[in-house]
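Right, one structure below, let's go through it.
Readers should treat all values here as calculations from the given coordinates under stated rules, not as data from a laboratory. As the structure is a computational prediction, the values presented were derived from the model and not from experiment.
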Amino acid sequence: MTCKSSGFSSDNKPVTNSFGVKMTPVFFVWLWSTGFIGAKYGLPYAEPFILLLYRMLITLVCLGLIAYWIKSKWPSLRSAFHMAVSGLLIHGFYLGGVFYAIAGDMPAGLVSLIVGLQPLVTAMAAIIVLKERIAIKQWLGLMMGLVGVGLVLFEKLGGAGQLPEFPLWTLGCVSFALLGISLGTVYQKRFGDAIELIPGTFIQYCAATLFFGLGTFLFESQEVDWNIQLIIAMGWLVLGLSIGAILLLMQLINRGAASEVASLFYLVPPVTAIEAYILFDEQFEFLALCGGVMSVIGVALVLMTKRREPKLAQSQASKPMQ
């Protein structure tokens, strides 16, 4: 989500350079990568939609208290509607698809790799919807990313003479997640107003909560096996991801480091793959490993090319950063 940050500091002095400040973007990327691991730990004890519903409800309570504490300014009805739509896409469709794919035994590292193509799909959608131009390096990145994921899928689906490691329907789930976050990003860019991050995120999570609530009552049994592993996973998903990562993002935006987040975001799939290997023994064979590296490089090309684009329009604009 791209919103105006409210900040906690009582002054507007720039933050001095320190090791902690420099490591904040890296810590944010690590936090985001653990979302796939948290899902892997929690899903054996609850169905995806009911798990996400509880996660959203707890998160809304926390965000509501934070919004009250910092005296956030709430958006207009028009802005709230657009935030709800983007929230349905970015959080509802994305998280729902990711959790169902992992629940269907698709490896967490592969899920992260596929949804990590989001900058590539968003770039294509921006060309169609927003009529944006695309550089040659971005085209090269798009092709490398798609070929890389193709190599991974070829091996994981038994292309090397082995049986598939996961059911094919999980590909539909992860594709749904990828489409949701990509369209949500474009929608946010097209219709999103510069509103404070906490209220905007609260509204987005409200829309996602309704989606998960409807989904679990229509398609699931709502049974949850509460145990220590699920409670720890839920606590991490709420505090580490839905709250912690968002607050870190707010700090990054305050310090003008949003571009650093974008340039580091392509590290999420390899970080997730390493975590999944250590915790769940998920392995990539040589062909899949080459495909994963190619995909990461492709996404990096798209992001780094965007980062080098001229900032003339930004320097002329007086609007807050989005």
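See the values below:
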read-out: Segment 166-232 shape via C-alpha gyration tensor axes, a/c threshold 1.5; value: oblate
read-out: Amide H partners (placed H, <5 Å) of LEU117, local residues excluded; value: none
